[in-house]
Amino acid sequence: MSFNTYGHLFRVTTWGESHGPALGATVDGCPPGVPLDEAAIQVWLDKRKPGQNKYTTQRREADEVEILSGVYEGQTTGTPIQLMIRNTDQRSKDYGDIAEKFRPGHADITYWQKYGIRDPRGGGRSSARETAARVAAGGVARAALAELAPGMRILGYMVQMGPHRADPARYDWDQVAQNPFWTPDAQAADDWAAYLDELRKSGDSVGAMIECRISGAAPGLGAPIYGKLDTDLAAAMMSINAVKGVEIGEGMAAASLTGSENADEISMGANGPEYGTNHAGGILGGISTGQDIVVRFAVKPTSSILTTRQTITKAGDPAEIITKGRHDPCVGIRAVPVAEAMAAAVMLDHVLLHRGQVGDGPRGRIG
């Protein structure tokens, strides 16, 4: 299976399966001299790990990362960084009943059609468990960004669960880390808790909308046409398991605006150009403007539910299926730290690309 690597200069290759002995990432292209240890990465993995509350899968994984190479005496060496996370709480027997059946909404059937073989234990490579490796790699990216672009901040949060939206008028950024849904709207968190309790008890699931805001990014990141910053951000978010749509700034809503409503007016401020609004989401022509970069994506409902669904077997016979095991009633909750990790990887990649093209002169200075 190819295509397990993303990035241009900062490149990440993930490996491993949901129910294998371990999974991890090989990170290549990280600059040398970046302070890094397991604790610097672990803080981000702890945000994503399962079993932290009743609204996520009850699979109990410590998600402890091990650095096997690329770091010496607390600093990166410029050589490939090998990260490993051991799986310790697999229950492969939960998937015995589906070895001959395809789960609706899952990649079981497409993996089978493409490769003629699949790993039914938790979905193998298609499992959301793979994202732990991305978060670990994102921790490396954040450490490098702290050195190269210290003013950059990346924050992910949930803005919608099912039909219920958070209210921007109630946003308090300090609330994001204070509730299990990573939302800046405390009232929405309370409402979502009651809503998800009912869904969880009924054996059903629901989708969500996640937003990721990147502040402090200097203008000039990204390149025209095929090197656009928003192209790479959109591809990174779209590659996350269960994501079905991505938008930048106004996104799809821009289709309902007029040109006079959508264009962000510009004035000259004390520290450079200033914009009256941010409908563009901080990117114009694929290049950052210096405003907050706003990317948003939709996560479909978890396909593993306790409701009987119609399917077929590998032989093509009709069958019924109930997906047992430990699953997230709203997989969007744990997608928040994954979004942050992917954003960090893309932003570091573009910082390195920008420095490589324009150097360290006035146009190449970051942060």
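The order of the peptides 6-17, 250-261 by mean Cβ neighbours within 10 Å, most packed first, is 6-17, 250-261. Here the Gaussian network model covers the chain, with springs between Cα atoms less than 10 Å apart; of Asp174, Asp230, Asp28, Asp174 fluctuates the most. Taken as Cα centroids, region 108-132 and region 243-267 sit 36 Å apart, rounded to the nearest whole angstrom. Taking Cβ atoms as reference points and 14 Å as the exclusive limit, the residues near Ala345 contribute a net charge of -1, counting Lys and Arg as +1 and Asp and Glu as -1. For the chain, with all protein chains in place and a probe radius of 1.4 Å, 53% of the accessible heavy-atom surface sits on carbon or sulfur.
Taking every C-alpha pair closer than 8 Å and separated by at least 6 residues, the mean separation divided by the residue count of the chain gives a relative contact order of 22 percent. Non-local lysine pairs in region 5-358, meaning eight or more places apart or on different chains, with alpha-carbon distances under 23 Å, amount to 28. For the chain, the membrane-span-like helix rule (DSSP H, alpha carbon extent of at least 18 Å along the helix axis, mean Kyte-Doolittle at least 0.5) picks out 131-148, 332-358; this says nothing about an actual membrane.
Summed over the residues of the chain and divided among them, the accessible surface reaches 46 Å² per residue at a probe radius of 1.4 Å.
Of His327, Ala149, Gly285, whose Cα points farthest to the positive end of the dipole of the chain (charges on the beta-carbon: +1 Lys, Arg; -1 Asp, Glu; origin at the Cα centre)? Going by the Cα projections, it comes out as His327.
The values are calculated or read from the model by the stated rules, or taken from the named source; none is laboratory data. Note that the structure is predicted; figures quoted are calculated from it, not measured. Positions of Cβ are backbone-derived with ideal geometry, glycine not excepted, and every protein chain shown enters the neighbour counts. Please note that ligands, DNA and RNA were not included when accessible areas were found on the heavy atoms of the full protein model with its side chains. Shrake-Rupley method; radii C 1.70, N 1.55, O 1.52, S 1.80 Å.
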